[in-house]
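The values are calculated or read from the model by the stated rules, or taken from the named source; none is laboratory data. Quick caveat, the model's predicted, so the values are computed rather than measured. Cβ: placed from backbone, ideal geometry, glycine included. Neighbour counts: every protein chain shown. Each accessible area value is taken on the protein alone, full model and side chains, heavy atoms only, with ligands, DNA and RNA left out. Shrake-Rupley method; radii C 1.70, N 1.55, O 1.52, S 1.80 Å.
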Amino acid sequence: MRLGYMPDTHAADYDAPHPNRDEVAKFVDHLLETSQLAEDVGYDGLWVPDRHMRTETYVPDQMGLLASLATLTDEIKLGTWANVLSLYNPMRIAEQVAYIDQLSKGRFVYVPSMGYHDGYPQYFGHDPEDKFGRFIDGLEVVKKAWNSSKDEPFSFDGKYHQFEDVYQSPDPYQEPRPPIWPGGQADAAIERAGELGECWALDPFPLEEETFKRQINLYKDAAAERGNDARVGLMRDAYVAPTREEAEEVFGPIFKEELLFYYRQGILTHHPDFQSEDDFTLDNLRDHMVIGNPEDCIERMAHYEEKFDIDYCVMRFRLPKGPSLEKERNAVELFGEKVVPYFHEQDDGEWILNNEDTETHMIAGY
């Protein structure tokens, strides 16, 4: 299993006051510093989220941050987790990804999504009801753009995007294109992810074992029908400290408040373990995060790898309610020094370079 780090762009509690310039500048320095640290201590990737019109988000420019990270790092993979493609002109996204792939000499992995937050389409002047269709149109255009040239431009006549005789130049550094790891947890989205056949990217929410195993089988069956590889990428909220007690004291209440936020949005109400706010206790939540001393974290990560056949996991050590930037930095370092090497000894990780071209499929993102 490979392990990545998310330099999360949330810097304050939900609905925080508008930040001043010094707060933003300090936070940007922190993101750059911890990202460099993550490469130094051995993480496999840096994965940046995509958020807008939220005062808790101090860095809304996902592609700008990734371009900065491309110049600050040498070998670590760079990626979106995820890019809300439904918001954008897909030709612009194809162009930006191609540039960052060139800047990083082929280290980019593209994770597209449909998005869930209604504030994002509001910010860009879109109808939230259009996000599924805009996503489907957008991903087809991105793939066509990466296969286009001055001699072979393409046209596209979709419901939400129309282009006539366009091409993108220059090409991405990777040939024929960067890997695409689509998300999505509806059955149709899972099957289409298998058709694309690179990796299925999942969010950090609690897993219900029976449902998740059924979805993994659905994904792998769809991939097998196409003769494609089938890899699974998972995001987990995590915190590591010298002792389990310290880790749970620092991160347990923060994680509880984070999941309550999503529960109140109606996102977790399907899970049998969380049917009321009283269900959000540390005992119930412990199985849905990675927390404790390094040995605890190794045990938990091994559980995901063995029980759910996870190939890649993106770790997030800080949420809107904390912990402090200093504590996050300490967790990034300790996890990288004590947990990451354990899994590197068992996995060469070469599969993440698999980006052989496949037919264009429309992937429904999460």
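Details
- Solvent-accessible surface of the chain, taken per residue with a 1.4 Å probe and all protein chains present: 43 Å².
- Ordering of 183-195, 124-136 by burial proxy (mean other Cβ atoms within 10 Å per residue, highest first): 183-195, 124-136
- Electrostatic dipole magnitude of the chain [Cβ: Lys, Arg +1; Asp, Glu -1; Cα centre; debye, to 20]: 680
- Peptides 116-122, 279-285, 94-100 ordered by average Cβ neighbours within 10 Å, highest first: 94-100, 116-122, 279-285
- Debye equation applied to the C-alpha atoms of the stretch 45-139, log10 I(q)/I(0) at 0.10, 0.21 Å⁻¹: -0.26, -1.03
- Average silhouette area of the stretch 1-88, convex hull of alpha-carbon atoms, in square nanometres: 6.4
- Helical mean residue ellipticity (222 nm; -39500 (n - 2.57) per DSSP H run of 4+; nearest 500) of the chain: -13500 deg cm²/dmol
- Most positive-pole-ward Cα, 96, 117, 260, against dipole of the chain from beta carbon charges: 96
- Carbon + sulfur, % of accessible area of the chain - ligands and nucleic acids excluded, 1.4 Å: 44
- Here the average projected area of the convex hull drawn through the C-alpha atoms of the stretch 239-339 stands at 6.6 nm².
- Calculated Rg and Dmax of the chain using C-alpha coordinates, Å: 19.7, 63
- Computed from backbone phi with θ = phi - 60° and the Karplus coefficients 6.51, -1.76 and 1.60, the 3J(HN,Hα) list for the stretch 174-184 is 6, 10, x, 5, x, x, 10, 10, x, x, x Hz; x is used for glycine and proline.
- Hull volume per residue, based on the alpha-carbon atoms of the stretch 174-313 and their convex hull, is 125 Å³.
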